[in-house]
Amino acid sequence: MPSSLHSRVIDDVGLAVIDGRTPAGTVLHSDDLARSQGVSRSVVREVVRVLAAMGLVESVKRIGIRVLPAARWNVYDPTVIRWRLSGAGKGAQLRSLSELRSSVEPMAAELAAQHCPAAASAELMAVAAQMRTAGRAGDLAHFLELDILFHRLVLHGSGNEMFARLDEPIAAVLSGRTELGLMPTNPHETALQWHVDVADAIQGGHPAKARAAMELIMRRTISEVEPSWADTPRPYSA
């Protein structure tokens, strides 16, 4: 099937679940979806398979396609993150990922200073320098690409495979922050320097300095985006 058609139907159905237009407990039927989306039942089956992998729906024999509650969603899936950032839940999504980052990334930087291969730490240092140039120039598109690469290198450099798997969710929230206009046109000079400090500490093998510099980055990040979730209640699921 054409990938554009596949993606369009996934977005239509998935977004409707995420933003609550199709609430949890709703039962959908393949024939109805095929008719409303103007696609074949084979396309619907593939779409349902993808959405089920995200935890948004489940197929129930002789009943239909049941929409699942938010507690069942795969909240680490980059597409789910993108959908949440595009709707009313963007504040809660930014808060959750920002808090996750502030917990994980300082430890990842500390570990990277102990375990990151020399070639990767040299690349990290080069990326930090390029970020400074792009940030000063106000080139946010290029800065975003470099920022994603910087944090990916730190996570992978930690040598912790579970930290490394967070690279896509963190890339998604970095992109979302820029797309939502929550990035200053010119990143703060101090923040640019902290990225250089992280890279320098990792390359030099200084775990405590790497952690401390990354903690400064995370604290500033939270202070800049915190207004977006100021009035958003926290969910609780036991």
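I'd like the full set of residues that are under 23 Å from the mean Cα position of the chain (by Cα) and not in a loop (DSSP other than H, G, I, E, B), limited to the range 10-36.
I10, D11, D12, V13, G14, L15, A16, V17, I18
I need the full set of residues from the range 151-162 which are over 13 Å from the mean Cα position of the chain (by Cα) and either crowded, with 18+ Cβ neighbours inside 10 Å or not assigned by TED's automatic domain parsing to the domain that holds A212 (or both), in order please.
Scanning the range 151-162 gives L153, V154, L155, H156, G157, S158.
Can you tell me how many residues in the range 10-58 are touching an Asp or Glu at 6+ places or on another chain (Cβ under 7 Å) and touching a residue at least 24 places away in the same chain (Cβ under 8 Å)?
Final tally of qualifying residues: 2.
Can you tell me which condition I148 does not meet? The list is (1) of a type outside the set (K, R); (2) more than 16 Å from the chain's Cα centre (by Cα); (3) at pLDDT 95 or above, and all the others hold.
Here I148 meets the rest and fails (2).
Count, please, the residues in the range 166-190 that happen to be in contact with a helix residue (DSSP H, G or I) (Cβ under 9 Å, 6 or more places away or on another chain) and loosely packed, with under 13 Cβ neighbours inside 10 Å.
From the range 166-190, those in contact with a helix residue (DSSP H, G or I) (Cβ under 9 Å, 6 or more places away or on another chain) are 166-180, 182-190; that's our starting set.
Pick out the ones that are also loosely packed, with under 13 Cβ neighbours inside 10 Å and you get 184-185, 188-190.
Residues in the range 166-190 being in contact with a helix residue (DSSP H, G or I) (Cβ under 9 Å, 6 or more places away or on another chain) and loosely packed, with under 13 Cβ neighbours inside 10 Å: 5 in total.
Out of all the residues in the range 166-217, which are assigned to a loop (DSSP other than H, G, I, E, B) and at pLDDT 95 or above?
The answer is L166, G205, H206.
Pick from T190, T178: which is touching a Lys or Arg at 6+ places or on another chain (Cβ under 9 Å), at negative phi and among the hydroxyl-bearing types (S, T, Y)?
T190
How many residues, within the range 95-117, are assigned to a helix (DSSP H, G or I) and within 10 Å of G205 (Cα to Cα)?
Within the range 95-117, residues that are assigned to a helix (DSSP H, G or I) and within 10 Å of G205 (Cα to Cα) number 6.
Does the range 108-118 contain any residue that is charged (D, E, K, R), in the same structural domain as I222 (by TED's automatic domain parsing) and surrounded by fewer than 18 Cβ atoms within 10 Å (Cβ to Cβ)?
Applying the first criterion (charged (D, E, K, R)) to the range 108-118 yields 110.
Filter again for in the same structural domain as I222 (by TED's automatic domain parsing), leaving 110.
From the residues that got through so far, the ones that are surrounded by fewer than 18 Cβ atoms within 10 Å (Cβ to Cβ) too are none.
For the range 108-118, residues charged (D, E, K, R), in the same structural domain as I222 (by TED's automatic domain parsing) and surrounded by fewer than 18 Cβ atoms within 10 Å (Cβ to Cβ): absent.
Criterion first (surrounded by fewer than 18 Cβ atoms within 10 Å (Cβ to Cβ), farther than 20 Å from R165 by Cβ and small (G, A, S)) does A34 satisfy it?
Judged against the criteria, A34 is not a match.
Cβ-Cβ under 7 Å, sequence separation 6+ or interchain: first residue in the range 63-84 and of a type in the set (D, E), partner in a loop (DSSP other than H, G, I, E, B). Which pairs?
D77/M54
Which residues, taken from the range 16-31, are buried (at least 17 other Cβ atoms within 10 Å of the Cβ) and closer than 15 Å to V80 by Cβ?
A16, V17, I18, T22
Among the residues of the range 68-87, is there at least one that is out of contact with any Lys or Arg (no Cβ under 7 Å at 6 or more places or on another chain) and more than 26 Å from R234 (Cα to Cα)?
First, pick out the residues of the range 68-87 that are out of contact with any Lys or Arg (no Cβ under 7 Å at 6 or more places or on another chain): 68-83, 85-87.
Add one more test, that the residue is more than 26 Å from R234 (Cα to Cα), and what stays is none.
Looking through the range 68-87, none of the residues is out of contact with any Lys or Arg (no Cβ under 7 Å at 6 or more places or on another chain) and more than 26 Å from R234 (Cα to Cα).
For the range 119-131, does any single residue satisfy the condition of being under 30 Å from D32 (Cα atoms) and either hydrophobic (A, V, I, L, M, F, W, C) or crowded, with 17+ Cβ neighbours inside 10 Å (or both)?
No, the range 119-131 contains no residue that is under 30 Å from D32 (Cα atoms) and either hydrophobic (A, V, I, L, M, F, W, C) or crowded, with 17+ Cβ neighbours inside 10 Å (or both).
Let me confirm something: among V39, V50, V75, which residue is surrounded by 17 or more Cβ atoms within 10 Å (Cβ to Cβ) and in a helix (DSSP H, G or I)? Step through it out loud before you land on a result.
Details: V39 fails: in a helix (DSSP H, G or I); V75 fails: in a helix (DSSP H, G or I).
V50 is the lone residue from the list that is surrounded by 17 or more Cβ atoms within 10 Å (Cβ to Cβ) and in a helix (DSSP H, G or I).
Please state which of the following conditions S7 fails to meet, knowing it meets all the rest: (1) assigned to a helix (DSSP H, G or I); (2) surrounded by fewer than 18 Cβ atoms within 10 Å (Cβ to Cβ); (3) in contact (Cβ under 8 Å) with a residue 12 or more places away in the chain.
Failed condition: (3).
The values are calculated or read from the model by the stated rules, or taken from the named source; none is laboratory data. As the structure is a prediction and not an experimental result, all values here were calculated from the model. Glycine gets a Cβ as well: all are built from the backbone with ideal geometry, and neighbour counts include every protein chain shown.
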